[in-house]
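Below you'll find the structure, written out as structure tokens, and then a few comments.
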Amino acid sequence: MAESSPTILEVDDLRRHYGGVRAVDGASFTVQRGSITSLIGPNGAGKTTAFNLLTGFARPDTGRVVFEGSDVAGHRSDRVARRGMVRTFQLTRVLGKMRVIENVMLAAQQQPGERFVTAFLPTRWRSREEEIRHEAAAVLEQVGLSEKAEDYAATLSGGQRKLLELARALMARPRLLMLDEPMAGVNPTLGREILASLDRLRHETGLTVMFIEHDMDVVMDISDEVIVMGEGRVITQGTPDAVRSDQRVIDAYLSGGSGHE
Amino acid sequence: MDPLLAFGFWAYVLTVAGVYAVFVLGLQVQLGDAGLLNFGHVAFMAVGAYATGLMITNGVPMLIAIPCAVALAALFGVLIGLPTLRLRGDFFAIVTIAAGEILRIIIQNRQDETGGTLGLRRASGSWRETNNTILDWFSGRGIELDRRVPLLVITWVVAVLVALLLRHIGRSPWRRALRAVRENEDAAAAVGKPVFNLKLQALALGAAIAGISGVLFTLLQTSLYPENFEPIVTFIGFSILILGGIGSYFGVVVGSIIIAFIISGVRFLDFPLEADKVAALRYVVVGLLIMGMMAFRPQGIFGKREELHLDG
């Protein structure tokens, strides 16, 4: 059974070229169910492109993306999300002219009122909508945005937008939560609180979390596994301690454009 | 008699305003809710009008022809949307204006069926007789109505019903998903919203509403000509939308009345100019009005100012 498999995501020889640039050049790795896995690497290593390929925001040239036992490579992004692989964006994408709470409520699944015909029949969706509103309020509480619930999302600061992205992704009740540099621009104390609450969530609900992080130190403490990318390939995958002492990783960080920041 | 004092004339202008109001409510769904920049909206009105006219002149009963015409307009929306809705906003705008023109030129050239530039006569079929029956019914009760009143009332009842229907789904999760698509397609897709389907539904709903305005237009004009459906109609629709305020259904109603009075009313004012210059003058007036709006009240009469500066 796919459900009971210890591997939630298996990526096999993923490739995507843009013109002459091999953004992702044969990446293979696995993510264990219930783990916190970090994807790290220097600038230009192909981390965000890999995320795009996994979540349907870009189409791989070749390769397999086996999520929960079925290949989702090349599937539309909204389908991948409904299957339970939900991502956030490094450059936040808030719905500026909608309220903060609406941003979060949007992400709820199983709302029959989202279908065109059902929209005309409020009795079919109103009670679910109340549940969603309460759930969204709870998620906002969790990321510390309760006070902003009725504000337009466009009025949020950069750090708050990161939190809103996270809240929206959590609201979708993902099985695999994919976070693209979620801590950049978030105040460190709050960042630690959020990491702790993600850690709690995975123990309670079996959530699997995959991070992209530029800065190794941020994620080393809480990661079970670390995947290191460089120049479009996976250099190594292992425990934080094993990765930290791997000479290839050290070389990649020293040679691979970490001076671009 | 001085047209400014004639009730029948103003009844006509108000009916035109009602037809525009319905037309622009369709645009409001597409642009205001889904963010679709549809520059070919008049094509859906043309489908509604010519489908009604062609069915009626070929002997289809009016009560069957009208819902079929509206359904055909929606279907035409789906047909236009399927290949184009994956395009970026500005490309979509260009394709829709082209689609509208192609349809108009086809109507113009298929003379045997549509009458071409000579017009499709008696497109409203037995409406005149029905209208007379209504007037007789009232005069039998001692109420003498102008012959334009029944359609005026019908048009505005339809406009209000469409607006109420849109308000009814205004707080629905469907519309929330649609607004999310307008704000950021990637964000909507990332939480599992079917972006393409939502846009297609908005386009088809807006097209159906424009189709209804085409039916009303047919009843009003009785004959249809291809030049009734030139791109200027779409842009008058956009003027109404800007004037009334994007996002406001009530704004559409008020904007329609103002613009219809300018467009139909100006030519009857007594200017010391030749007739064709007066005809051009009304567009100058509309243009100045829009420029003034942009400068002093860019959110429109009923738009929300605070939403205007919220980008990103």
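Where a number appears in this text, it was derived from the coordinates with a stated rule and is not lab data. Everything numeric in this text was worked out from a predicted model, so none of it was measured. Using ideal geometry, Cβ is built from the backbone for each residue, glycine included, and neighbour counts are taken over all protein chains shown.
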Amide H proximity to A:Val24 below 5 Å, modelled H, separation 5+ or other chain, gives A:Arg16
How big is the charge dipole of the protein assembly as shown about its Cα centre, in debye rounded to the nearest 20, if each Lys and Arg gets +1 on its Cβ and each Asp and Glu gets -1 on its Cβ? 1360 debye
Viscosity 1.002 mPa s, temperature 20 °C, Stokes-Einstein D of chain A from Kirkwood C-alpha radius, µm²/s: 112 µm²/s
Checked segment B:193-267 against the a/c 1.5 cut and the a/b vs b/c comparison, axes a ≥ b ≥ c from its Cα gyration tensor; verdict oblate
Excluding same-chain pairs closer than 8 in sequence, count the lysine pairs in the protein assembly as shown whose Cα atoms lie under 22 Å apart. 9
If we restrict to alpha carbons, what Rg and Dmax does the protein assembly as shown come to, in Å? 29.0, 101
As a footprinting exposure proxy, order A:His214, B:His41, A:His203 by other Cβ within 10 Å, with the fewest listed first. A:His203, A:His214, B:His41
³J(HN,Hα) across segment B:160-176 via Karplus (A = 6.51, B = -1.76, C = 1.60, θ = phi - 60°), whole Hz, x for Gly/Pro? 5, 4, 4, 4, 5, 4, 5, 5, 4, 8, x, 9, 7, x, 4, 5, 4
With 5 Å bins from 0: P(r) over segment B:3-230, alpha-carbon pairs, percent: 1, 7, 13, 17, 17, 15, 11, 8, 5, 3, 1, 1, 0
Kirkwood-based Rg to Rh ratio, segment A:187-242, C-alpha trace: 1.00
Fewest first, what order do A:Asp221, B:Asp33, A:Asp71 take by the number of other Cβ atoms within 10 Å? A:Asp221, A:Asp71, B:Asp33
Among B:Trp174, B:Trp10, B:Trp137, rank each residue by its count of other Cβ atoms within 10 Å, from fewest to most, as a rough exposure measure. B:Trp137, B:Trp10, B:Trp174
Using only atoms on other chains, find how many Cβ atoms lie within 10 Å of each Cβ of peptide A:80-87 and report the average. 3
